[in-house]
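S.K.: My structure is below; once you've seen it, I'll send some questions.
The values are calculated or read from the model by the stated rules, or taken from the named source; none is laboratory data. Since the model is a prediction, treat every value here as computed from it, not as a measurement. All Cβ positions, even for glycine, are placed from backbone atoms using ideal geometry, and neighbour counts span all protein chains on display. To get the accessible areas, we keep the full protein, side chains included, count just its heavy atoms, and leave off ligands, DNA and RNA. Shrake-Rupley method; radii C 1.70, N 1.55, O 1.52, S 1.80 Å.
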Amino acid sequence: MSDRGEAGRRLAARLLHLKDADPVVYALPRGGLPVAVPVAAALGAPLDLLLVRKIGAPGQPELALGAVVEGEPPQTVVNEDVVEMLDIPADLVSGQAAEQLAELERRRRLWLRGRVPVPPYGRTAILVDDGVATGATVRAALLALGRAGAARRVLAVPVAPPEVAEALRRDCDEAVFLATPSLFGSVGAFYEDFREIEDGEVAALLAGATERGGQEALTGPIRRALPSGRSGA
């Protein structure tokens, strides 16, 4: 695969059957945004970011105790097995969740600059990333979309290990993967160009989506209301 844009165009071709299913496309930043832009354009769907932050274990930041997903209200998804195994106090998890939520709010201000989030309630929510390694972040995002009332959850990802892909299929209504190689080295190995996406590029890609489709294409119908949700595991 040459780059994320090509991956997005190939995913879009596999998702055209959802064009009339009231879709909204959510990108996991930063790398998921260049993949999501052509998907949203092909479907004529609003595009938004879904911001997720992992809650890392003390001394093992790559081991996820859970994740915080933005929303109204924000969702804290806890990996109960890991928390129990490490005997992590509940107040440590909640404290870390509060810190990560503050970071999510900072990033939305930086990247979206006051644009109104698109609620998934009653819609087909298509979650897009540039690839999946462990699946922890994607799983938290899918769960949060379900809690927020999405009528249907679709995962669209260029590449994932086969066992992770199989597990994620059980967490959503439909999943589209371009490749599930048995010898999975890393997500970056799937791309010729896998450079890091800078903050300025995130803002530019979102601005470009607005210019192509108008404000409606980015923020969607803001009159849609979310019901009261709940947080916690």
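S.K.: For every helix of n ≥ 4 consecutive DSSP H residues, a contribution of -39,500 (n - 2.57) applies; sum these over the chain, divide by its total residues, and give [θ] at 222 nm rounded to the nearest 500 deg cm²/dmol.
M.R.: Roughly -12500 deg cm²/dmol at 222 nm, from the helical runs in the chain.
S.K.: Just how much of Asp48 is accessible, in Å², when a 1.4 Å probe is used and the result is rounded to the nearest 10?
M.R.: 10 Å²
S.K.: How high is the relative contact order of the chain, in percent, with contacts defined as C-alpha pairs under 8 Å that are six or more residues apart?
M.R.: Value for the chain: 26 percent.
S.K.: Follow-up. What does the charge add up to near Ala98, with Lys and Arg as +1, Asp and Glu as -1, over the other residues with Cβ less than 12 Å from its Cβ?
M.R.: -3
S.K.: Which order do peptides 62-73, 149-160 fall in by mean Cβ count within 10 Å, highest first?
M.R.: 149-160, 62-73
S.K.: Using the heavy atoms of the protein chains and a 1.4 angstrom probe, tell me the accessible area per residue for the chain in square angstrom.
M.R.: Accessible area per residue, the chain: 46 Å².
S.K.: Can you list residues from other chains, or at least 5 along the same chain, whose modelled amide H is less than 5 Å from the amide H of Phe184?
M.R.: Residues meeting the amide H criterion: none.
S.K.: Distance in nm between label sites at Glu105 and Ala133, each 7 Å beyond Cα in the beta-carbon direction?
M.R.: It works out to 3.0 nm between the two label points.
S.K.: Taking amide H positions as placed 1.01 Å from N in the peptide plane, with prolines and chain starts having none, which residues 5 or more places from Glu72, or on another chain, fall under 5 Å of its amide H?
M.R.: Residues meeting the criterion, in which the H sits 1.01 Å from N, do not exist here.
S.K.: Grab the beta carbon distance between Asp22 and Asp87, set R0 = 35 Å, and tell me the FRET efficiency rounded to 0.05.
M.R.: Calculated value: 0.20.
S.K.: What do you reckon, how do Ser94, Ser182, Ser2 stack up by accessible area (1.4 Å probe), largest on top?
M.R.: Final ranking, largest accessible area leading: Ser182, Ser94, Ser2.
S.K.: If contacts are Cα pairs under 8 angstrom and at least 6 residues apart, what is the relative contact order of the range 29-129 in percent?
M.R.: 29 percent
S.K.: Can I ask one more? Could you check how much of the accessible area of the range 30-104 is carbon and sulfur, as a whole percent, using a 1.4 Å probe?
M.R.: 53 percent
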